[in-house]
Amino acid sequence: MNQTLKWITTMKKECPTCTGSGTISCKCNDNNEIACPNCGGKGVVTRRATTTQKKEMPCDHPQCQQGKVSCGVCNGTGRTAKGEPCPSCKGKGTVTCPVCGGLGRIQRSTQESWLEHETCHICNGRGMVDCYLCHGTKERVCPTCKGKGTVLDQGKIVLLVALALLLLAVPVLFVAVAGITLGGCLFLLWKEQQSRKEEQAISDQSEPTDEDTI
Ligand SMILES: [Zn+2]
Ligand SMILES: [Zn+2]
Ligand SMILES: [Zn+2]
Ligand SMILES: [Zn+2]
Ligand SMILES: [Zn+2]
């Protein structure tokens with residue numbers, strides 16, 4: 001019983017990475033160097049560089065001529081059907097181009113991007129740095145347990161949670177069964193009483209009871 005209690009209350013188990021010692025041997029080389037974490041040992045880092053350039057180009061409205069387009073109301077004639085000056089273009093037959101706003105040119109921004117290779121500033125291009133994990137001792141703190149030697153036993157916690165949920169569910173189940181049974185019994189009793197009342201009524205209507213006949 002004591003052991004069961006101890007098993008339930010200890011949520012930790014020995015760290016599998018370091019087998020409880022809290023340290024593991026470092027993988028750095030004989031010069032106490034390790035691959036640079038910034039460049040992954042390549043000595044160079046690549047980054048994407050982008051520039052935005054503004055280019056001026058002729059207006060791409062198909063009808064635009066020096067910033068003017070043919071008036072859509074009068075079809076470029078400058079006159080209405082009655083021969084009066086078109087109110088939209090004031091008789092000119094052309095209106096300001098809606099695309100370029102009358103400039104005849106538009107600005108387009110184009111984006112260019114390329115990869116830039118730079119020497120890694122952490123290792124100065126060597127790809128290796130002095131081991132920062134063990135500082136030359138060849139023994140580093142275990143990354144799994146952070147040196148504590150124990151880790152949370154997740155499988156056990158999940159198991160215990162499931163067990164606790166089951167235990168919590170049992171009384172609920174009992175209450176439900178009790179409720180259904182009680183309801184059923186009361187219904188049966190009520191039905192029994194109903195039928196007895198009916199019998200009573202029938203026998204009251206029928207011929208006089210035995211007592212009267214005697
Ligand atoms: Zn580097
Ligand atoms: Zn017009
Ligand atoms: Zn235009
Ligand atoms: Zn090391
Ligand atoms: Zn560990």
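Readers should treat all values here as calculations from the given coordinates under stated rules, not as data from a laboratory. Please read these numbers as outputs of a predicted model, since none were measured by experiment. Methodologically, a virtual Cβ is constructed for each residue, glycine included, from the backbone with ideal geometry; neighbour enumeration extends over all protein chains shown.
Dipole magnitude of the chain about its Cα centre, charges +1 at Lys/Arg Cβ and -1 at Asp/Glu Cβ only, in debye to the nearest 20? Before the final figure, lay out each step's value.
Working: 25 positive and 20 negative charges, 548 e Å.
Approximately 2640 debye in magnitude.
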Shape call, the stretch 1-127: gyration tensor on alpha carbons, a/c limit 1.5: oblate
Measuring from the longest principal axis of the C-alpha atoms of the chain, the long axis of helix 154-205 (C-alpha) lies at a number of degrees, nearest 10, equal to 50
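Let me check I've understood the local charge: for residue 68, count other residues with C-beta under 14 angstrom from its C-beta, Lys and Arg +1, Asp and Glu -1. What total comes out?
Working: positive: 90, 92, 105; negative: none.
Here the charged neighbours net out to +3.
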Simple SL model, points at 7 angstrom along Cα→Cβ for residue 158 and residue 13; separation in nm is 1.1
Among the listed pairs 27/148; 6/146; 27/156; 55/92; 13/42, those beyond 30 Å (Cα-Cα): 27/156; 55/92; 13/42
How large, in Å, is the chain by the Kirkwood hydrodynamic radius built from its alpha-carbon pairs? 29.9
How big is the dipole moment of the stretch 134-213 about its Cα centre under a simple scheme where the beta carbon of each Lys and Arg is +1, that of each Asp and Glu is -1, and everything else is neutral? Debye, nearest 20, please. 1920
Taking placed amide H atoms and a strict 5 Å upper bound, the residues 5 or more places from residue 127 or on another chain that come that close are 43
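How large is the convex hull of the Cα atoms of the stretch 44-119 per residue, expressed in Å³ as a whole number?
It comes to 74 Å³ per residue, whole-number rounded.
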Towards the positive end of the charge dipole of the chain, with charges on Cβ (+1 Lys, Arg; -1 Asp, Glu), say which of 180, 59, 203 has the farthest Cα. 59
